[in-house]
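One structure is given below, encoded as structure tokens.
Bear in mind these aren't lab numbers, they're just calculated from the coordinates by the rules spelled out. Not measured: the values here are computed from a predicted model. Virtual Cβ from ideal backbone geometry, glycine too; neighbours counted across all protein chains shown.
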Amino acid sequence: MCFNIEMSTTFCIIGFLLSGFLYKNDRYSQTMIVVYYSLMELLQTISYLYKDQCNTTINLSLTWVAHILVIFQPALWSLYRYNTQRKNKEIFKFCGILSLIWAFFFTHRLFYIPTGKGILHNTLDINEVNVGENYCMLGGPKHIMWVLPYQRINGFEANYFTYLLLWFVPTLYEDNYGWLKLLYWLSQVLIVNRVCDSIHELSSIWCLASIPIVIGLFGNCLYEDYFKSKKN
């Protein structure tokens, strides 16, 4: 399996068309999700044009945009759940706040400043996902990938495990099928892990694996509108 600019462009266009349909049908929270993933595909489409040009302003800018889109996904889903679920809104609100705190400290890894004397210190582990010596949008074995100099703080840093906890676990408190949705998220992790040839492709290929979510939001909108029109 290999991904390319044509595939990213196609999914980008389809995503924005579906978001327009959802918005027109007053599905604002669903529109937010679809637009977000469509922006990711747009980013990847543009990135194919400037990949491997590590010292250019456009490549640096694209790498930063990728960082921003990735770090706010847990907060995005907490906001979506808060707006669409009838129960446990305080839980989703709290998880959203925690997600923003995580995003701040994950970004802080790019600007590590010692807080005082002590044995803790920053290191750069290029074996960690999306970690490299420089900021760069690259062409990977199968898809676009990006690296940034995220510094470790001897295990005290914000990391992707906490990221996934903040993203996935709150689904258990949704009104319906929480466990089933959690199993879907976990299966997504396994599938993406098998598909990727580089750890740095995980984030970009993950976006492709999110297409069933977009289809589900669109299908649910059609289903509800169809039965509403039948009742009227």
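Expected output is a single nm value to one decimal: the length gained when fully extending between Asp26 and Trp179, i.e. 0.36 nm times separation in residues minus the C-alpha distance. What is it? Provide the component values of the computation, followed by the final result.
Details: separation 153, 0.36 × 153 = 55.08 nm, distance 2.77 nm.
That pair, Asp26 and Trp179, stretches by 52.3 nm at full extension.
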### Query
Going toward the positive end of the dipole of the chain, with +1 on Lys and Arg Cβ and -1 on Asp and Glu Cβ, which of Leu148, Asn88, Val65 do you reach last?
Asn88
### Query
D for the range 59-107, whole µm²/s, Stokes-Einstein with Kirkwood Rh over alpha-carbon pairs at 4 °C and 1.567 mPa s: what number?
113
### Expected 222 nm ellipticity per residue - DSSP helices of 4 or more, -39500 (n - 2.57), all of the chain, to 500
-21000 deg cm²/dmol
### Task
For a footprinting-style exposure proxy, rank Ser204, Ser210, Ser8 by other Cβ within 10 Å, fewest first.
Ser210, Ser8, Ser204
### Task
Quick one: compute the contact order of the chain, relative version, from alpha carbon pairs under 8 angstrom and 6+ residues apart, as a percent.
21
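Given a Förster distance of 25 angstrom, what is the FRET efficiency for Asn55 paired with Thr123, based on the Cβ-Cβ distance and rounded to 0.05? Kindly include the intermediate steps, with their values, before the conclusion.
On the way: r = 24 Å, r/R0 = 0.97.
FRET efficiency, Asn55 to Thr123: 0.55.
Taking only complete DSSP H runs, can you tell me which helices of the chain stretch 15 Å or more along their own long axis by Cα positions and average at least 0.5 on the Kyte-Doolittle scale? Provide the component values of the computation, followed by the final result.
Working: long enough: 5-24 (29 Å, 1.26); 28-50 (33 Å, 0.68); 57-71 (21 Å, 1.69); 73-84 (16 Å, -0.72); 89-108 (29 Å, 1.10); 178-195 (26 Å, 0.91); 211-231 (30 Å, 0.26).
Qualifying helices, which must be both long enough and hydrophobic enough, are 5-24, 28-50, 57-71, 89-108, 178-195.
Can you give the FRET efficiency for Leu172 and Met7, using 1/(1 + (r/R0)^6), R0 = 22 Å, r = Cβ-Cβ distance, to the nearest 0.05?
Numbers: r = 33 Å, r/R0 = 1.50.
With R0 = 22 Å, the Cβ-Cβ based efficiency is 0.10.
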### Task
With only Lys, Arg, Asp and Glu charged, each at its Cβ (+1 for the first two, -1 for the last two), find how big the charge dipole of the chain is about the Cα centre; round to the nearest 20 debye.
760
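Counting only C-alpha contacts under 8 Å and six or more residues apart, can you give the relative contact order of the range 82-190 as a whole percent? Working shown, then result.
Numbers: 111 pairs, mean separation 29.9, N = 109.
Relative contact order for the range 82-190 comes out at 27 percent.
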## Note on the structure
Working note, the range 93-174: Cα radius of gyration (Å, one decimal) and Dmax (Å, whole number) are 14.9, 45
### Task
Largest first and to the nearest Å, give the Cα extent of the range 5-231 along each principal axis.
67, 41, 30
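Fewest to most neighbouring Cβ within 10 Å: what's the order for Ile199, Ile126, Ile205?
Values: Ile199 17, Ile126 12, Ile205 24.
Fewest-to-most ranking of Ile199, Ile126, Ile205: Ile126, Ile199, Ile205.
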